[in-house]
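Here's the structure we're looking at; comments come further down.
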Amino acid sequence: MAPSTTRTLSHLGAFFMDTKTNLYDTIVFDCDSTLVTIEGADELAKKNGVYKKVTELTQRAMNGQLDFNTAFKERWDLIKPTIRDLEWLGEQYINNITLGAKEMVAECMERGIEVFIISGGIKQPCDILGEYLGLPKENVLALNLLFNENGNYIGIQPGQTLLEDNGKARIINKLFNKERTLFVGDGCTDLSVEAFVETFVGFGGNVCRKEVESNAKFYVHSNDLLTILKFI
Ligand SMILES: [Mg+2]
């Protein structure tokens, strides 16, 4: 290779380094057991004295005695979280944030990568966590519940994409460019987005779910979310 060509390529390399070209435009995180170490629904169920009933319900769904959507609705009907409960959960999220989560989100934003939270949990506590992480509310997608004027639970707002089968995957497919998106999550609903993103990373730092660990192309066991930096 002629010396002049070498100089040109090296010059181009420096140029690309300077402009901080990223592999991804978008990084999406699950919330429960990913950005935070806890499961929001479990915490609320314990707070409201229905944890045992909720566990039994989940077990019936896992045994195939109850379909997923019915179990999901019945769970929230048992927990009946008030608006105050959801604010409380938001504080619990911040108090139980996963190691490295805040730093990881800050680093992504520093690099010009847009960060989203997509959660099968409830919107209000996810918003509180999102605000703590410096994310705008529109980058936090989660379920909306309905409340009366006293802030008491009425039900789940119908018609939400997240309630549909593969809801997370449908949202990802609609909103983001597949080739430029990375998703990080711990659960099976997270794994279902793998076909709709360039890279899915299973996160086993808080809970290691065997189905995700066995089937995800990439999986991390570290409890530090900054480990995800090596993928970007
Ligand atoms: Mg999760």
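A short reminder: the numbers here are calculations on the coordinates, not readings from a lab. Predicted, not measured: the structure shown is a model, and the values here were computed from it. Positions of Cβ are generated from backbone atoms using ideal geometry, with glycine treated the same way; all protein chains shown enter the neighbour counts.
In this structure, the amide hydrogen of ILE122, modeled 1.01 Å from its nitrogen in the peptide plane, lies closer than 5 angstrom to those of LEU143, counting only residues at least 5 positions away or on a different chain.
Among beta bridges identified by DSSP and lying wholly in the chain, the antiparallel ones come to about 20 percent.
For VAL140, the amide hydrogen comes within under 5 Å of the amide hydrogens of ILE117, counting only partners 5 or more places away or on other chains and with H modelled in the peptide plane.
Across the stretch 74-223, the mean sequence separation of Cα contacts (distance under 8 Å, 6 or more residues apart), normalised by length, yields a relative contact order of 17 percent. Once the C-beta distance of THR55 and GLU138 is scaled by a Förster radius of 30 Å, the resulting FRET efficiency is 0.30 to the nearest 0.05. The label-point distance for LYS47 and ASP67, in a model that sets each label 7 Å from Cα toward Cβ, rounds to 3.1 nm. Under a Gaussian network description of the chain, with springs only between Cα atoms under 10 Å, the residue in LYS53, LYS102, LYS123 that fluctuates furthest is LYS53. Comparing ASN69, ASN150, ASN96 in a Gaussian network model of the chain (Cα springs below 10 Å), the most mobile by mean-square fluctuation is ASN150. Expressed in units of 2.2 N^0.38 Å, where N is the residue count, the Cα radius of gyration of the stretch 126-215 is 1.25. For ALA195 and GLN160, the FRET efficiency from 1/(1 + (r/R0)^6), where r spans their Cβ atoms and R0 equals 25 Å, is about 0.70.
Here PHE116, PHE72 are placed in order of increasing Cβ neighbour count within 10 Å, fewest first, which gives PHE72, PHE116. Residues MET104, MET62, MET109, ranked from the fewest to the most other C-beta atoms within 10 Å, line up as MET62, MET109, MET104. Under the definition of Cα pairs under 8 Å and six or more residues apart, what whole-number percent is the relative contact order of the stretch 141-191? Value for the stretch 141-191: 22 percent.
Once the Cα atoms are used to define both axes, helix 68-79 deviates from the longest principal axis of the chain by about 60 degrees. The sum of -39500 (n - 2.57) across all DSSP H runs of n ≥ 4, divided by the residue count of the chain, sets its helix-only mean residue ellipticity at 222 nm to -12500 deg cm²/dmol.
Arranged from fewest to most other beta-carbon atoms within 10 Å of their beta carbon, PHE68, PHE218, PHE200 become PHE68, PHE218, PHE200.
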